[in-house]
Amino acid sequence: MRKRSSPKPALSAFRNYVAIQTQADNEMKQQHEFRHEATETRVLDAPADASFDASDSLYASLCSKINLKPVTQARPLEAFRDNDMLSEASADERIARGMSAFLELVSGASHPVDRLDKSLLDFHIGQIDRKISLQLDAVMHHPAFQALEARWRGLKMLVSRTDFRKNARIEVLDVSKDALMRDFEDTPEIIQSGLYRLTYIDEYDTPGGQPVSAMITDFEFANSPQDVALLRNISKVAAAAHMPFIGSVGAAFFGKRTMEEVASIQDIGNYFDRAEYIKWKSFRDTDDARYVGLTMPRVLGRLPYGKDTTPVRAFNYEEAVKGPDHDRYLWVNASFAFAANMVRSFVNNGWCVQIRGPQAGGKVEDLPVHLYDLGTGAQPKIPTEVLIPETREFEFANLGFIPLSFYKNHDFACFFSANSAQKPAPYETKEATANSRINARLPYIFLLSRIAHYLKLIQRENIGTTKDRRLLELELNNWIKGLVTEMKDPGDELQASHPLREATVTVEDIEDNPGFFRIKLFIVPHFQVEGMDIGLSLVSQMPKAKN
């Protein structure tokens, strides 16, 4: 086909037929990564002559050879902008209009077109791919879309690293941080909130319910009074249900725009003496704050799309992302990586305790590492927002955070600490102060919470019995002793079935509440990664037998 002065003569050569077929060879498939059938159908514009007989034409003959129904009447091209009309149109009609638009594009070329060969098709397909890529880049890098994708990518990270063949279960609760904040604001008491009902009443306090081991969220908290108040309310529910809450903090919590600026703060300890953190420090002093863990920084959720990273099969898409374009990468909250370590520890030994340290379950492996080239050779983009040195990691941990540290020149990171948000209280003796510090660490809170769940079950089963205080205390001690072994260095299997070195249960009468017993639990776990003996305590209540 040669170019003429007007596009109409160029199209007139195709008036006697509506369809042609092109056999796509293997080279074309590899170049465009199309995954179609062995043949591709191209339908041209239908004849304008209303008296055209589709059954007796070259067009009909071609259609019969390629298993395509002839199209004698089609909607205008503009009609396909409507999604409803597009869904109602047949594939033959859509292909016909698409080829018509292509021929109009070819006829308007600035140089003569002798024939429709593969190189011409490649050129125009590439032009379309570039236009689609620009539009897709604008959508995918919009902050609202990035936040949505990050939530699902984070959940995918957790689900893909969970062995559901074991005794592990994940439930998804669709609630935003603002909605949860309104839930607490609209109720006069915590026990009337929706979160309390879902986690405590419906599960922990209901016969046959399954207590929640932990609540993992995508929430990123700032140091605003509203966010700190939300953390305080959440911690009360988490403590009541013995359900540690895991969230995250970002640069906004530190009053900075990026995590690089946060990492460059010289004296982070004195930085928190500023007036902006009065509410935060007050929250850290509460007992319930030990049921809250806040991770940082975020991790890379996926590699950018591209032929050398994550190919897109539908068309040639190269996501416009380079190493310095930090905000254009997809970042996922580290709370999901922390939760994946919790699940792995539970599956391996039955307790969410081995969750920190490179040799003790704290490693986050197989993180995406993007290689980019700015003209000086390939450079890696580390899969965490910022590189945290060991000294700085220790400082963040002492301030109530759970830092994720990337191993330089590797594809994994590690949680070296698992501190809760609670600030350990100082005591007169070193032993008491150290014990307070250990009690504020999440591995032991997870251990204590799981025992509390089972203790609640035993309490419920004893309701209505005629057992007195001494008999109940004897039975509870016999039960807890089944989790104790005095062996100093038990193996993994023995440690999983007997996680305690010492355990004592005390049952007391409550003078001002004669219908209940007070249950005190004191345990010393075997998980002594701190290099010292520690003690954990729990106080609960049990109804007395009715005479």
**Request:** Answer yes or no: is there a residue in the stretch 376-393 that is assigned to a helix (DSSP H, G or I) and loosely packed, with under 15 Cβ neighbours inside 10 Å.
**Result:** yes
**Prompt:** Quick one: how many residues across the stretch 309-368 are within 19 Å of ASN167 (Cα to Cα) and hydroxyl-bearing (Ser, Thr, Tyr)?
**Reply:** 1
**Prompt:** Given GLY400, GLY357, which one is over 25 Å from LEU303 (Cα atoms), touching a residue at least 60 places away in the same chain (Cβ under 8 Å) and surrounded by fewer than 16 Cβ atoms within 10 Å (Cβ to Cβ)?
**Reply:** GLY357
**Item:** Residues (of a type in the set (A, V, I, L, M) and either within 15 Å of GLU220 (Cα to Cα) or not assigned by TED's automatic domain parsing to the domain that holds PHE415 (or both)) located in the stretch 236-286
**Value:** ILE246, VAL249, ALA251, ALA252, MET259
**Prompt:** Does at least one position in the stretch 325-333 carry a residue that is touching a residue at least 12 places away in the same chain (Cβ under 8 Å), closer than 25 Å to HIS242 by Cβ and assigned to a loop (DSSP other than H, G, I, E, B)?
**Reply:** yes
**Request:** Read through the list (1) outside the structural domain of TYR305 (by TED's automatic domain parsing); (2) surrounded by fewer than 17 Cβ atoms within 10 Å (Cβ to Cβ); (3) under 20 Å from VAL332 (Cα atoms); (4) not hydroxyl-bearing (Ser, Thr, Tyr), then give the number of the only condition that LEU134 fails.
**Result:** (3)
**Request:** Starting from the stretch 197-216, keep only residues that are more than 17 Å from ILE451 (Cα to Cα) and in contact (Cβ under 8 Å) with a residue 60 or more places away in the chain, then list their pairs with residues that are of a type in the set (Ser, Thr, Tyr) and in a helix (DSSP H, G or I) whose Cβ atoms are within a distance under 7 Å, requiring at least 6 positions of separation or different chains.
**Result:** ILE216/SER335
**Item:** Scope the stretch 408-455; condition surrounded by 18 or more Cβ atoms within 10 Å (Cβ to Cβ) and either assigned to a strand (DSSP E or B) or of a type in the set (Asp, Glu) (or both); matching residues
**Value:** ALA413, CYS414, PHE415, ASN419, ARG441
**Complete:** Checked pairs for the stretch 438-453, first at negative phi and not assigned by TED's automatic domain parsing to the domain that holds GLU203, second in a helix (DSSP H, G or I) and not aliphatic (A, V, I, L, M), C-beta under 6 Å and 6 or more apart or across chains, list as ALA440/ARG290; ILE445/ARG290
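Per-residue answers, yes or no, for (1) within 29 Å of GLU365 (Cα to Cα); (2) buried (at least 17 other Cβ atoms within 10 Å of the Cβ); (3) out of contact with any helix residue (DSSP H, G or I) (no Cβ under 6 Å at 6 or more places or on another chain):
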{"position": "LYS256", "(1), (2), (3)": "yes, no, no"}
{"position": "ALA263", "(1), (2), (3)": "yes, yes, yes"}
{"position": "ASP273", "(1), (2), (3)": "no, no, yes"}
{"position": "TRP280", "(1), (2), (3)": "no, yes, no"}
{"position": "VAL292", "(1), (2), (3)": "yes, yes, no"}
{"position": "TYR305", "(1), (2), (3)": "yes, yes, yes"}
{"position": "PRO311", "(1), (2), (3)": "yes, no, yes"}
{"position": "TYR317", "(1), (2), (3)": "yes, yes, no"}
{"position": "ASP325", "(1), (2), (3)": "yes, no, yes"}
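The values are calculated or read from the model by the stated rules, or taken from the named source; none is laboratory data. Quick caveat: nothing in here was measured; it's all calculated off a predicted structure. Virtual Cβ from ideal backbone geometry, glycine too; neighbours counted across all protein chains shown.
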